[in-house]
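To start, the structure itself, in structure tokens.
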Amino acid sequence: MIHRFALALALSAMAACAPQPVIDRAETSISTLPPMKMFASPTVTRPTRSNASIAADFLDLSFLLESGRPLPVFTRFEGPITIRVRGATPPSMLPDLDRLITRFRREAGIDIRRVTPSSPASITVETIPRAELQRAVPQAACFVVPRVTGWADFKRNRRSAVTDWKTLRVREKMAIFIPNDVAPQEIRDCLHEEVAQALGPLNDMYHLTDSVFNDDNFHTVLTGFDMLILRTTYARELHSGMDRATVAARLPGILRRLNPAGANRATPSRPPTSRAWIDTIEQALGPRAGLSQRHAAAKRAVTLARAANWNDNRLAFSLFALGRLSLGRDPELALASFLQAGAIYGADPDTQVHAAHIAMQLAAFALSSGQAGAALEIVDRYVVAVTRAENAALLATLLMVKAEAQDLLGQTGPAATTRRDSLGWARYGFGPDAEVRKRASEITALNPRRRAGATTGDAI
């Protein structure tokens with residue numbers, strides 16, 4: 001939960017018409033970047049909800065597409081699964097994929113292994129330039145397609161029944177397309193979600209708080225819930241071709257065996273997510289509309305969430321979107337939206353990484369208004385949650401804020417150490433050196449002392 005000092009911060013920032021947290025340009029003295037940091041061992045979590053709740057989610061994840069179209073039968077791979085990678089592979093990609101495969105084997109009990117690029121495989125991961133990928137599918141960062149073996153095969157069949165998930169009865173070959181010219185973290189995130197979808201769930205649901213299968217993108221690596229869903233997908237009691245009713249009848253027994261702790265839990269039911277809210281929040285977040293239209297859509301999303309009596313992550317996400325879109329036009333509304341979203345996220349143990357995104361915005365407000373101690377307190381409360389979630393981009397940003405706050409407090413030695421750590425994580429989270437320097441420059445510009453120095457012509 002966001003501390004009470006955040007309220008005082010909100011009031012003082014509103015009274016002072018707090019500046020926008022992100023400033024476009026500022027010079028930094030970064031000349032040599034440290035080595036890239038990467039996460040070593042995953043933090044294995046267990047789902048905290050009831051088996052009844054998990055079973056309902058399993059059915060909607062397995063029998064609906066993201067568009068809402070129903071699937072007639074359950075599908076999965078039957079037998080051992082192989083995966084290969086083709087195309088240019090950045091240095092971090094294969095180690096990240098191998099870590100993911102190890103998790104599938106250990107946590108989900110799936111018989112899967114990586115093979116050479118020239119070997120036949122159940123799943124082909126092909127990397128291509130981002131621009132080429134988005135010419136074909138403009139809204140996708142990465143995606144998975146059934147019954148094809150590569151990019152050329154996809155382009156030949158993309159508008160045919162071959163790539164229609166509704167015609168699938170068993171999974172035999174899948175292709176995943178990932179950009180090879182983006183940050184290492186983005187490549188890893190694509191691997192987690194798309195390989196998981198090649199193996200199992202095809203849907204994303206906004207009400208999920210503990211899963212990558214949510215278009216809010218707060219969870220970027222597979223969670224304990226996700227691994228349970230995959231373990232259930234490959235349970236011996238299920239097989240491809242089953243209808244929804246048959247799968248539903250078998251789920252209680254499967255989940256009692258795989259997740260006995262969930263048998264006696266009770267989870268409050270959540271009302272379904274309306275198509276109107278989904279369309280509105282996607283307009284707010286998408287690139288097609290102008291900023292004014294997106295801002296108006298975010299306001300409508302908040303209104304729809306409140307009208308539906310959602311006091312959960314969906315209302316918080318609406319407020320988060322409104323806060324982000326209000327930064328440059330209405331700082332007071334932005335801060336109020338972030339504080340409300342933070343209160344909702346902070347109250348739920350399953351949404352601590354969500355709360356950390358809000359905390360980053362609040363820490364930026366605190367730093368920009370000279371409240372270095374408040375900025376440090378905010379950052380320090382969420383570093384562990386962000387590290388467990390393996391979000392290097394968010395971790396780097398928080399540590400950049402912390403380094404500037406330490407500088408403001410005269411803690412130059414600790415600031416230098418924190419800054420070096422932040423840049424190591426930034427190289428994984430943001431990628432190219434120029435992008436790392438740009439992000440560091442934006443955070444540096446929040447430091448009032450540096451802004452004052454820049455105004456008077458002093459070197460930073």
Could you look through region 287-297, keep only residues that are surrounded by 12 or more Cβ atoms within 10 Å (Cβ to Cβ) and touching a residue at least 24 places away in the same chain (Cβ under 8 Å), and pick out the one that is nearest to Leu65 (Cα to Cα)?
Arg294
Going by the conditions given, is Glu390 part of a loop (DSSP other than H, G, I, E, B) and either surrounded by fewer than 24 Cβ atoms within 10 Å (Cβ to Cβ) or in contact (Cβ under 8 Å) with a residue 60 or more places away in the chain (or both)?
yes
Go through region 272-298 and count every residue that is at pLDDT 90 or above and part of a loop (DSSP other than H, G, I, E, B).
4
Pair list, Cβ < 9 Å and 6+ apart or interchain, from region 129-142 residues that are touching a residue at least 40 places away in the same chain (Cβ under 8 Å) to residues that are polar (S, T, N, Q)
Pro129/Asn180; Arg130/Asn180; Ala141/Gln134
Pairs, please: C-beta under 7 Å, at least 6 apart or cross-chain, first residue more than 22 Å from Leu222 (Cβ to Cβ) and in region 164-188, second at pLDDT below 95 and assigned to a loop (DSSP other than H, G, I, E, B)?
Lys166/Arg69
Scan of region 83-108 for residues that are closer than 27 Å to Glu237 by Cβ and surrounded by 17 or more Cβ atoms within 10 Å (Cβ to Cβ), ordered by number
Ile83, Leu100, Ile101, Arg103, Phe104, Glu107, Ala108
Would you say Val401 is in a helix (DSSP H, G or I), under 16 Å from the mean Cα position of the chain (by Cα) and over 25 Å from Val302 (Cβ atoms)?
no
Give me the residue from region 400-415 that is surrounded by 24 or more Cβ atoms within 10 Å (Cβ to Cβ) and of a type outside the set (D, E, K, R) and, out of that set, nearest to Ala347 (Cα to Cα).
Val401
Name the pairs: first residue in region 330-348 and closer than 15 Å to Tyr382 by Cα and surrounded by fewer than 24 Cβ atoms within 10 Å (Cβ to Cβ), second residue among the small types (Gly, Ala, Ser) and modelled with pLDDT of 95 or more, Cβ to Cβ under 6 Å, at least 6 apart or on different chains?
Gly346/Ala355
In region 347-361, what residues are more than 16 Å from Asp216 (Cα to Cα) and assigned to a helix (DSSP H, G or I)?
Pro349, Ala359, Met360, Gln361
Tell me yes or no: at least one residue of region 3-26 is at pLDDT 95 or above, of a type outside the set (Lys, Arg), touching a Pro at 6+ places or on another chain (Cβ under 9 Å) and at positive phi.
no
Residues in region 89-111: is at least one among the aliphatic types (A, V, I, L, M), in a loop (DSSP other than H, G, I, E, B), at pLDDT 95 or above and more than 25 Å from Gly224 (Cα to Cα)?
no
Only listed residue being among the hydrophobic types (A, V, I, L, M, F, W, C), in a helix (DSSP H, G or I) and in contact (Cβ under 8 Å) with a residue 60 or more places away in the chain, chosen from Ala415, Ala364:
Ala364
Kindly list the number of the only condition in (1) part of a loop (DSSP other than H, G, I, E, B); (2) of a type in the set (Gly, Ala, Ser); (3) crowded, with 19+ Cβ neighbours inside 10 Å that fails for Ala140.
(3)
I'd like to know if region 33-52 contains one or more residues that are of a type in the set (Val, Ile, Thr) and modelled with pLDDT of 95 or more.
no
Could you grab me the full set of residues in region 41-82 that are surrounded by fewer than 17 Cβ atoms within 10 Å (Cβ to Cβ), among the basic types (Lys, Arg) and closer than 23 Å to Lys166 by Cβ?
Arg69
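The values are calculated or read from the model by the stated rules, or taken from the named source; none is laboratory data. These numbers come from a predicted model, not from an experiment. Every residue, glycine as well, gets a Cβ built from its backbone with ideal geometry; the counts of neighbours run over all protein chains shown.
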